[in-house]
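Please read the structure below before turning to the comments.
The values are calculated or read from the model by the stated rules, or taken from the named source; none is laboratory data. For clarity, every value in this text was computed on a predicted model and none was experimentally measured. Because the Cβ atoms are built from the backbone with ideal geometry, glycine has one as well, and the counts that use them run over all protein chains shown.
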């Protein structure tokens with residue numbers, strides 16, 4: 001059964017490395033990578049998420065080199081090579097196949113930003129090849145692959161960071177500490193509404209991305225499909241994979257995952273008791289796409305509070321995120337790291353209601369990618385370890401099953417199964 005890890009981010013690089021070296025011992029630390037050795041990174045998936053940008057921005061401070069890039073679309077792969085050359089003056093190895101990366105001895109860690117249906121398979125292959133892994137969310141598309149990925153990571157002993165970067169927002173740790181100290185009293189309900197006009201599967205990447213569709217001769221279609229289902233090349237499905245449940249389940253798993261992971265992080269909880277969900281396509285009824293453009297999800301947690309999430313594509317108004325407690329309300333705005341989050345006494349009638357607002361202003365912190373590189377060196381667990389990916393996956397898959405089957409769903413902790421009930 002997955003156990004929760006709650007590592008703390010150090011305030012500065014010097015403090016982080018100093019504390020880690022004390023914990024490990026100097027000899028142990030040098031055996032891991034060597035205090036002065038540069039990390040050799042491979043970027044897997046060089047598309048719209050652009051994790052390569054984050055890695056290159058840290059090339060000096062984190063002492064990393066991008067030694068390889070991998071993407072199934074030739075133009076994306078070649079563009080990534082040019083970006084690395086421009087930023088570092090070196091030419092990385094390039095391939096459309098993950099196996100070519102994992103067989104290399106000059107790769108210490110991989111950073112995976114591929115479509116959702118590839119995450120678990122690529123994570124499993126990477127840790128079994130002895131690589132540390134940063135892998136984007138959502139971690140899993142179903143419970144079977146989630147369990148395989150979790151078990152493979154735990155057996156490997158590799159460092160794995162899940163790409164739910166809200167944990168590394170400057171407000172997140174202070175909010176976590178404030179809630180633990182009773183700043184809101186008893187938390188009763190948490191809500192987010194995340195609306196937009198156009199769904200991300202048609203708007204993500206901008207007009208230029210859509211005006212240059214992929215061609216069969218430029219794509220390793222088999223690698224994209226994981227070789228499992230041979231079929232004719234489909235340029236629209238390849239380009240707009242976000243819009244097809246075969247490759248990504250929809251906003252209830254793709255957008256909500258950030259929110260539900262943050263709820264888990266700041267409250268210290270793991271799994272909902274129940275999930276109910278409704279959804280459908282009400283505005284963007286376009287041929288072929290089969291993910292919903294509107295969803296409503298509600299959870300009940302065994303610790304005694306509710307969580308609600310909603311997305312509507314077709315109207316971008318009304319976005320917010322709030323924690324409601326007996327002593328007041330935490331207004332996290334639209335969960336942006338650039339906003340000032342604030343706890344006030346709004347809504348409370350309790351004698352101990354909040355009287356002086358508590359503000360959580362943006363401040364300098366270790367980024368999610370920095371935290372991963374730090375932990376590759378120190379072998380400490382990162383801020384979003386595999387346990388976090390397991391927990392968020394259980395929650396979002398519960399919601400998806402509840403919507404798909406029009407039934408309330410629960411999670412059996414011992415059997416690691418989702419059940420109607």
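Values computed for the structure shown
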read-out: Which listed residue, of 53, 37, 85, is surrounded by fewer than 22 Cβ atoms within 10 Å (Cβ to Cβ), farther than 23 Å from residue 139 by Cβ and modelled with pLDDT of 95 or more; value: 85
read-out: Residue, nearest to residue 299 (Cα to Cα), within region 248-272, restricted to residues that are over 16 Å from the mean Cα position of the chain (by Cα) and in a loop (DSSP other than H, G, I, E, B); value: 272
read-out: Subset of region 222-232 [over 25 Å from the mean Cα position of the chain (by Cα) and either modelled with pLDDT of 95 or more or assigned to a helix (DSSP H, G or I) (or both)]; value: 222
read-out: Failed item in (1) outside the structural domain of residue 302 (by TED's automatic domain parsing); (2) modelled with pLDDT of 95 or more; (3) farther than 23 Å from residue 50 by Cα, with residue 184 passing the rest; value: (1)
read-out: Odd one out for residue 158 among (1) in a loop (DSSP other than H, G, I, E, B); (2) exposed (fewer than 15 other Cβ atoms within 10 Å of the Cβ); (3) without any contact (Cβ under 8 Å) to a residue 60 or more places away in the chain; value: (2)
read-out: Total residues in region 105-128, condition in a helix (DSSP H, G or I), within 9 Å of residue 44 (Cβ to Cβ) and within 17 Å of the chain's Cα centre (by Cα); value: 2
read-out: Subset of region 82-104 [part of a loop (DSSP other than H, G, I, E, B), over 23 Å from residue 238 (Cα atoms) and touching a strand residue (DSSP E or B) at 6+ places or on another chain (Cβ under 8 Å)]; value: 90, 92, 104
read-out: Some residue of region 154-167 being at positive phi and within 24 Å of the chain's Cα centre (by Cα); value: yes
read-out: Of the criteria (1) modelled with pLDDT of 95 or more; (2) in a loop (DSSP other than H, G, I, E, B); (3) over 23 Å from residue 153 (Cβ atoms), which one residue 79 fails; value: (2)
